[in-house]
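Worksheet: the structure to be examined is printed underneath.
Laboratory data are not the source of any read-out in this text; all were calculated from the coordinates shown. If you're wondering where the values come from, they're calculated on a predicted model, not measured in any experiment. Counting neighbours? That spans all protein chains shown, and the Cβs are built from the backbone with ideal geometry, glycine included.
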Amino acid sequence: MDPLAFALNPADYGLPTREQLVAYRIWDTHFHGFNATTDPLGQFHANNLYVRRMGIERSITLEAGGTLRAPLQPATHDAAVRALLVKERSWLSGITPIDPGFPDESCAKMEAWIRRGPCIGIKYVGGNSRGISCSHPNNDPIIRLATELEATIYIHTWLKVGGTPRGPGRGNLPGESTPQDVVALARRFPDVRFICGHSGGDWELGVRVVRPQPNVLLEFAGSDPHSGAVDFAARELGAERLVWGGHGPSRSYATELAKVLESDLSHADRLKVFGGNFRHLAAPILRRQGIPFEL
Amino acid sequence: MNTPSLPRRRFLRQTAAAGAVVALARAGAPTSPPAPAPDAPPGIVDTHVTLFRWPFRRLKYDATPALVAKLRRHRITEAWAGTHEALLHKDLAGANERLAAECRAHGAGLLRPFGSVNLAWPDWEEDLRRCHEEHRMPGLRLFPGYQTFDLSHPDLGRLIQLTAERGLILQIVFQMEDPRVHHPLLSLPVIDARPLVPLLERTPAARVQLLHFAGNVAGTDLRALVDRTGAWFEFSRWEGNGRLGQLIRPGPGGARPPVPESRVLFGSHAPYFPVETGLLRLFESPLDAETLHALMHRNARRLLPA
């Protein structure tokens with residue numbers, strides 16, 4: 001059995017065929033390629049079947065250098081990941097996680113992995129040991145360097161319900177940013193564009209938080225697929241401010257693709273969301289890094 | 001400036017080329033197919049849809065005619081429908097009556113009503129009787145947590161026994177939405193599946209299906225349910241790339257799969273989830289046609305004949 005072939009025709013079920021998925025030119029801006037404790041490289045290779053099967057054109061891993069649990073601590077597989085980012089550059093890119101609790105060390109890591117390495121951006125992970133969110137002044141030197149490098153800036157955000165009294169965001173981890181933190185940071189850097197990850201965690205609230213801040217884009221991976229969520233985000237923000245992520249392998253491409261495929265977006269807008277918007281955002285650093293791509 | 005070197009895109013295009021003409025021609029065909037031909041693609045039995053208003057926001061397809069049209073567009077030929085009213089309403093007799101009427105009025109042969117009883121409310125056995133005898137429902141759906149009981153409730157064994165005696169299917173919903181995005185006023189317990197195991201062992205004739213169930217992190221509850229009971233499952237909560245295939249296909253060296261393919265049914269969790277999510281899961285995992293037929297309709301037909 002050809003592992004890329006579908007046994008039945010998806011078009012018979014109101015779904016795009018694999019050819020149509022390929023034609024969407026899907027760039028997965030939220031790829032947990034190496035986010036495994038025991039065998040990160042094995043996970044990466046095992047997941048490639050699904051990358052190819054679902055027609056993903058480019059995967060952008062969030063774990064280039066260190067791990068999400070310890071972004072600034074070198075990982076044993078760092079060299080292998082770095083080599084893969086060079087060897088597989090036709091379809092694989094990386095952004096490197098940083099920790100605003102340690103701005104100097106974060107900048108040093110950006111120098112190593114972006115200026116002198118293959119990466120195209122940075123990621124703020126979901127919490128940190130010093131409890132420093134992305135709105136803290138610590139972040140300013142990080143953002144200034146990212147701007148100089150033309151790096152993309154992805155910020156994990158959530159609004160977990162919890163606390164006493166219970167409320168959205170009061171269940172977040174120490175240092176886990178909210179969409180409000182992203183807006184506060186984006187106001188200080190109005191000429192820099194930021195990606196607010198996970199649609200703020202709670203999309204009904206997160207979308208409205210970032211709406212007035214035009215230099216904030218919204219990525220909506222890593223949460224359950226809620227019918228109507230992408231339509232809502234497109235109405236409030238415009239399709240130009242949405243970027244797609246797959247969040248695999250912990251999330252299913254089926255989950256994340258369905259969010260867009262169920263929406264009422266036009267074909268042209270789907271092309272933007274699935275990859276066009278991110279390619280425009282990342283074009284300067286893709287060119288700087290010599291990564292082959294077509295807008 | 002764009003670069004001419006695009007090996008990845010070229011690879012994708014080349015691997016997509018086989019059958020592309022036929023597939024694209026089909027994709028552009030009229031959306032209303034003619035009467036099914038003998039070799040027509042199989043229809044799907046969706047064992048997990050829910051009618052009426054979700055209590056916390058309007059859903060895109062919460063109007064039944066719109067939901068039915070949406071399901072038909074995706075070749076879903078039968079849908080087992082519960083009611084969102086059963087989550088918080090106290091008058092479940094009224095909720096069940098409205099569900100039965102809605103399925104008759106708008107279902108057009110597609111919707112099969114699954115009413116509900118609430119073990120925490122009085123006279124639930126009469127609700128069960130009405131669902132079966134008056135509304136001719138093929139089964140019931142429970143929403144533990146929302147209905148303020150969990151699976152250690154002392155009456156659950158009796159409910160399982162009564163549904164078995166009447167030949168009813170009992171569906172149990174383990175989660176409706178991610179607790180991280182619950183309305184702050186809502187504080188629901190995590191539903192522990194383990195009390196089900198001895199109850200189902202004592203009632204082997206029971207036909208119980210777990211909805212939106214992934215099991216605990218260690219997988220011990222899923223394993224116990226698979227090994228010691230005859231419970232059925234749907235896969236709307238089986239998250240992760242290829243997860244469906246990984247759970248039902250033999251492992252390396254022909255190792256037994258975690259869940260027998262014969263006990264897994266299609267469930268979309270629409271209209272809360274997009275119908276497309278469940279459909280795409282069928283194609284994401286490399287499954288052969290026989291397995292797809294089993295998941296799409298054959299297993300459901302064994303649990304509930306047409």
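Take peptides A:44-51, B:230-237 and line them up by average Cβ neighbours within 10 Å, highest first, as a rough protection proxy.
Result, highest mean first: B:230-237, A:44-51.
Between B:GLY253, B:GLY94, B:GLY157, find the one with the highest GNM mean-square fluctuation for chain B; connect C-alpha pairs within less than 10 Å.
Result: B:GLY253 has the largest fluctuation of those listed.
List the trypsin sites (Lys or Arg not before Pro) within the stretch B:42-117 that fall in a DSSP loop (any state other than H, G, I, E or B) and whose Cβ has at most 11 other Cβ atoms within 10 Å. Each step should come with its number before you reach the end.
Details: sites: B:ARG53, B:ARG57, B:ARG58, B:LYS60, B:LYS70, B:ARG72, B:ARG73, B:ARG75, B:LYS90, B:ARG98, B:ARG104; in loops: B:ARG53, B:ARG57, B:ARG58, B:LYS60, B:ARG75, B:LYS90.
Hits after loop and neighbour filter: B:ARG58, B:LYS90.
With +1 on the Cβ of every Lys and Arg and -1 on the Cβ of every Asp and Glu, and nothing else charged, how large is the dipole of the stretch B:187-306 about its Cα centre, in debye rounded to the nearest 20? Spell out each step's value before the answer.
Details: 14 positive and 11 negative charges, 69 e Å.
Around 340 debye, computed over the stretch B:187-306.
Given the options B:LEU186, A:LEU295, A:THR61, identify the residue whose Cα lies farthest towards the positive end of the charge dipole of the protein assembly as shown (+1 on Cβ of Lys, Arg; -1 on Cβ of Asp, Glu).
The residue sitting most towards the positive pole is A:LEU295.
Only four residue types carry charge here, +1 at the Cβ of Lys and Arg and -1 at the Cβ of Asp and Glu. Report the dipole size of the stretch A:125-181 about the Cα centre in Debye, rounded to the nearest 20.
Values: 5 positive and 5 negative charges, 78 e Å.
That gives a dipole near 380 debye.
With a 10 Å radius around each residue's Cβ, average the other Cβ atoms per peptide and rank B:256-264, B:273-281, highest first. Can you show the working numbers first?
Working: B:256-264: 16.3, B:273-281: 27.1.
Going by the mean number of other Cβ atoms within 10 Å, highest first, we get B:273-281, B:256-264.
Bin by bin, in steps of 10 Å, what percent of the Cα pairs in chain B do you find, going until the bin that has the longest distance?
Calculated over all Cα pairs of chain B, the distribution is 6, 26, 34, 22, 9, 3, 1, 0 percent.
Excluding residues on the same chain fewer than 8 positions from A:LYS109, give the lysines whose Cα lies under 17 Å from its Cα.
A:LYS123
In Å, what Rg and Dmax follow from the Cα atoms of the stretch A:26-288?
Rg, Dmax (Cα atoms, Å): 16.9, 51.
Can you compute 3J(HN,Hα) from phi for each residue in the stretch B:238-244, using the Karplus curve 6.51 cos²θ - 1.76 cosθ + 1.60 with θ = phi - 60°, rounded to whole Hz and x for Gly and Pro?
Calculated HN-Hα couplings, in order: 7, 9, x, 4, x, 4, 4 Hz.
Going by amide H atoms built from the backbone, whose H comes under 5 Å of the H on B:VAL208, apart from near neighbours?
Those lying under 5 Å, H to H, from B:VAL208 are B:LEU170, B:TRP232.
Divide by every residue of chain B the summed helix terms, -39500 (n - 2.57) for each DSSP H run of at least 4, and state the resulting mean residue ellipticity at 222 nm, rounded to the nearest 500 deg cm²/dmol.
Details: 13 runs with 106 residues, N = 306.
Counting only the DSSP helices, I get -9500 deg cm²/dmol.
I need the P(r) histogram for the protein assembly as shown: all alpha carbon pairs, bin width 10 Å from 0 out to the longest distance, whole percents.
In order of increasing distance, the bins hold 3, 17, 27, 26, 18, 8, 2, 0 percent.
Can you give me the distance in nm between label points at A:LEU295 and A:THR37, each placed 7 Å from the Cα along the Cα-to-Cβ direction?
Here the answer is 4.5 nm between the modelled labels.
Under 19 Å between alpha carbons, and skipping anything fewer than 8 positions from A:LYS160 in its own chain: which aspartates and glutamates qualify?
Straight-line reach from A:LYS160, under 19 Å: A:GLU176, A:ASP181, A:ASP202, A:GLU204, A:GLU219, A:ASP224, B:GLU177, B:ASP178.
Suppose the chain between B:GLU165 and B:ALA218 were pulled fully straight at 0.36 nm per residue; how much longer would it get relative to their current alpha carbon spacing? Intermediate values should be presented prior to the final figure.
Values: separation 53, 0.36 × 53 = 19.08 nm, distance 3.37 nm.
Between B:GLU165 and B:ALA218, full extension yields an extra 15.7 nm.
In what sequence do B:ILE248, A:ILE195 fall when counting other Cβ within 10 Å, fewest first? It would help to have the intermediate numbers written out before the result.
Details: B:ILE248 23, A:ILE195 27.
Fewest to most other Cβ atoms nearby, the residues stand as B:ILE248, A:ILE195.
Under unit Cβ charges (Lys, Arg +1; Asp, Glu -1), what dipole magnitude, rounded to 20 debye, does the stretch A:26-288 have relative to its Cα centre? Working shown, then result.
Numbers: 30 positive and 27 negative charges, 60 e Å.
Taking the Cα centre of the stretch A:26-288 as origin, the dipole is about 280 debye.
Cross-link candidates for A:LYS259: which lysines have Cα within less than 20 Å, leaving aside residues fewer than 8 places away along the same chain?
A:LYS272, B:LYS60, B:LYS70
Please report the spacing between the Cα centers of the stretch B:181-197 and the stretch B:67-94 in Å, no decimals.
22
Give or take rounding to whole Å, what are the principal axis extents of the alpha carbon atoms in the stretch B:68-179, in descending order?
Sorted from largest, the Cα extents of the stretch B:68-179 read 43, 36, 23 Å.
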